[in-house]
């Protein structure tokens, strides 16, 4: 029975690992950090999958309106006596950058990591929130008051 390979780049990846001297299980790095972004009330919520990442390795910064999320997932255990039987879980660096609009209040961004999910709350800046503008009426002066006209006076018969 023949082996059907559906990924045409697998041989190229294998060749690159051989040429660059990497071990297959240690040279793989996550190709992307899946994330969702939605608006909830007056904040944007960003959730990113970071399974198996040490929370201390997560680095989030903002520079010139660019939000950068970086994290590291290392191989466990790191011992000379360990003989791997199977090692399919990718290790390495995660990194994702997003450009933030002026509508985000960068001073109030908060982050929380639990169960392999990083959750960032990106509140809207006060100036970006929808608001109702009330139309004010100018007070009516004495000259603007309606006048009552008596039809009986000044009417000639």
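In segment 49-66, the residues that are more than 15 Å from residue 96 (Cα to Cα) reach residues that are surrounded by 11 or more Cβ atoms within 10 Å (Cβ to Cβ) and modelled with pLDDT of 95 or more with C-beta atoms within less than 6 angstrom, at least six apart or across chains, in these pairs: 55/113. Condition test on residue 143, is it outside any loop (DSSP other than H, G, I, E, B) and modelled with pLDDT under 80? Considered against the rule, which asks whether it is outside any loop (DSSP other than H, G, I, E, B) and modelled with pLDDT under 80, residue 143 comes out as yes.
Residues in segment 59-73 that are under 30 Å from residue 87 (Cβ atoms) and loosely packed, with under 13 Cβ neighbours inside 10 Å: 59 alone. Among the criteria (1) under 11 Å from the mean Cα position of the chain (by Cα); (2) under 16 Å from residue 33 (Cβ atoms), the one residue 109 does not fulfil is (2). Residues that are in contact with a helix residue (DSSP H, G or I) (Cβ under 7 Å, 6 or more places away or on another chain) and over 11 Å from residue 60 (Cβ atoms) were ranked within segment 103-126; the one that is surrounded by the fewest Cβ atoms within 10 Å (Cβ to Cβ) is 103. Of the residues screened, residue 90 is not one that is closer than 21 Å to residue 55 by Cβ, free of Cβ contacts under 8 Å to residues at least 60 places away in the same chain and surrounded by 11 or more Cβ atoms within 10 Å (Cβ to Cβ). Selection over segment 114-140 of residues that are assigned to a strand (DSSP E or B) and free of Cβ contacts under 8 Å to residues at least 12 places away in the same chain gives a count of 1.
Any chance segment 76-85 includes a residue that's loosely packed, with under 14 Cβ neighbours inside 10 Å and in contact with a helix residue (DSSP H, G or I) (Cβ under 7 Å, 6 or more places away or on another chain)? There is at least one residue in segment 76-85 that is loosely packed, with under 14 Cβ neighbours inside 10 Å and in contact with a helix residue (DSSP H, G or I) (Cβ under 7 Å, 6 or more places away or on another chain).
The values are calculated or read from the model by the stated rules, or taken from the named source; none is laboratory data. All figures in this text were calculated on a predicted structure; none of them were measured in a lab. Positions of Cβ are backbone-derived with ideal geometry, glycine not excepted, and every protein chain shown enters the neighbour counts.
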